[in-house]
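Asks: Here you go, one structure.
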Amino acid sequence: MTTLLYDGSFDGLFTAIFEVFEYRYQDVEMVSRERFHQENIFAEIHEVITQNNKSERVLNKLEQNLGKQGIYNLLKVFLSEDSELEKIILSVVRQSIKQPTENILENFADEDILKVSKICKSVGRESHRMTAFVRFEKMQDNVFFSKIDPDFNVLPLIRKHFKDRYQDQKWMIYDLRRNYGILYDLENCDFFYPEEKLDLNRYQDKFHDDEKNYQTLWKRYFTKTNIVERKNLKLHIQHVPKRYWKYLTEKW
């Protein structure tokens with residue numbers, strides 16, 4: 001068994017995949033350094049240095065065989081943080097190389113291909129819900145701030161949506177679980193990675209006065225328009241699952 005350790009990035013993973021074929025490894029596993037715990041003392045460790053040219057060669061070949069949608073699906077698998085994501089993606093790459101003229105992502109009889117389909121549906125659903133349920137709050141520095149805690153690492157999937165939709169205001173979306181976010185300053189829309197988790201204790205004290213007034217009015221409006229006799233909690237939860245209520249002002 002050879003264990004390839006990579007830096008946990010998308011390009012790092014595909015650099016590792018390139019080296020699987022470059023060095024003709026057969027009995028192999030890939031794992032990010034952050035998640036690595038050596039259990040097999042006889043395993044050979046191979047340190048992977050991320051090289052964009054190697055990653056691009058694999059991705060370009062995959063795009064020829066699977067199309068851009070196929071690459072997008074593999075990105076979703078990567079962002080799912082599934083414990084077997086490296087194994088699944090390597091399996092897809094190997095099958096794609098063996099059967100370049102077939103759309104192997106439609107071969108649901110294969111266990112790994114079926115997992116890709118299921119993961120893509122779950123990640124796609126989560127990213128869609130984030131675009132629907134994210135709530136921004138105006139801070140004293142006039143930046144609109146939103147905190148999220150998605151099941152999957154969907155920030156890279158929703159960045160374009162928010163960049164296109166909110167071009168006239170500064171905003172920030174911060175992933176509580178993964179300690180990174182997106183910052184838009186009217187010109188650039190970039191990821192940021194704080195060294196320490198943002199201190200959100202009493203962060204409501206930093207609300208702009210407009211935000212405090214808005215939340216008060218919105219809660220009042222919601223209360224006044226809520227018809228108790230027509231309340232259908234079961235239907236409501238189907239459309240807005242409880243785990244998303246923490247994003248909604250009217251649920252506080």
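The values are calculated or read from the model by the stated rules, or taken from the named source; none is laboratory data. Only a predicted model underlies this, so the values are computations on that prediction, with no experimental measurement involved. Cβ atoms come from the backbone with ideal geometry, glycine included; neighbour counts cover every protein chain shown. Surface areas here come from the heavy atoms of the whole protein model, side chains and all, with no ligands, DNA or RNA. Shrake-Rupley method; radii C 1.70, N 1.55, O 1.52, S 1.80 Å.
Asks: Strictly over 31 Å apart at the Cα level, which of K87/K160; K87/K138; K54/K170; K68/K206; K61/K160; K170/K197 would you flag in this model?
Replies: Details: K87/K160 29 Å; K87/K138 43 Å; K54/K170 36 Å; K68/K206 43 Å; K61/K160 25 Å; K170/K197 21 Å.
Beyond 31 Å: K87/K138; K54/K170; K68/K206.
Asks: Calculate log10 I(q)/I(0) of the stretch 29-83 for q = 0.12, 0.23, 0.29, 0.32 Å⁻¹, where I(q) comes from the Debye formula with a single equal point scatterer on each Cα and nothing for solvent.
Replies: -0.41, -1.04, -1.16, -1.22
Asks: Using a 1.4 Å probe over the heavy atoms of the protein chains, calculate the carbon and sulfur portion of the accessible area of the stretch 52-176 as a whole percent. Let's see the in-between values first.
Replies: Working: 2920 of 6380 Å².
So the carbon and sulfur contribution to the accessible surface is 46 percent.
Asks: Ranking request for peptides 5-13, 24-32: highest mean number of other beta-carbon atoms within 10 Å first, then the rest in descending order. Don't skip to the answer; put the middle values down first.
Replies: On the way: 5-13: 19.1, 24-32: 15.3.
Ranking the peptides 5-13, 24-32 by packing returns 5-13, 24-32.
Asks: Given a 1.4 Å probe and the protein chains all in place, what does the accessible area of K160 round to, in Å² to the nearest 10?
Replies: Counting only protein heavy atoms, K160 exposes about 140 Å² to solvent.
Asks: Rank-order 80-92, 179-191 by packing density, defined as the average count of other C-beta atoms within 10 Å over each peptide's residues, highest first. Walk me through the numbers before you get to the answer.
Replies: Working: 80-92: 18.8, 179-191: 13.8.
Ranked by mean Cβ neighbours within 10 Å, highest first: 80-92, 179-191.
Asks: In nm, give the distance between the simple-model label positions of N60 and E187, each being 7 Å from the Cα along the Cα-to-Cβ direction.
Replies: Label at N60, label at E187, 3.3 nm between them.
Asks: Largest first, please: the extent of the C-alpha atoms of the stretch 105-180 along each principal axis, to the nearest Å.
Replies: Dimensions of the stretch 105-180 along the principal axes of its Cα atoms: 55, 24, 17 Å.
Asks: Please list, short to long, the whole-number percent of alpha-carbon pairs of the stretch 48-146 in consecutive 10 angstrom bins beginning at zero.
Replies: 14, 39, 25, 14, 7, 1
Asks: For the stretch 156-204, what are Rg and Dmax over the alpha carbons, in angstrom?
Replies: 11.5, 31
Asks: Where only protein heavy atoms count, and the probe is 1.4 Å, what is the accessible area per residue for the stretch 1-116 in Å²?
Replies: On the way: 6570 Å² over 116 residues.
Averaged over the residues of the stretch 1-116, the accessible area is 57 Å².
Asks: If you take the C-alpha gyration tensor of the stretch 60-109, multiply each eigenvalue by 5 and take the square root, what semi-axes do you get, largest first, in whole Å? Intermediate results must be reported in sequence, preceding the final value.
Replies: Working: eigenvalues 62, 28, 18 Å².
After diagonalising the Cα gyration tensor, the semi-axes are 18, 12, 9 Å.
Asks: What aspartates and glutamates could a cross-link reach from K147, if we take a straight Cα to Cα line under 13 Å and drop same-chain neighbours fewer than 8 places away?
Replies: E137, D175, D199
Asks: Provide the solvent-accessible area of D149, counting protein heavy atoms only and rolling a 1.4 Å probe, rounded to the nearest 10 Å².
Replies: 40 Å²
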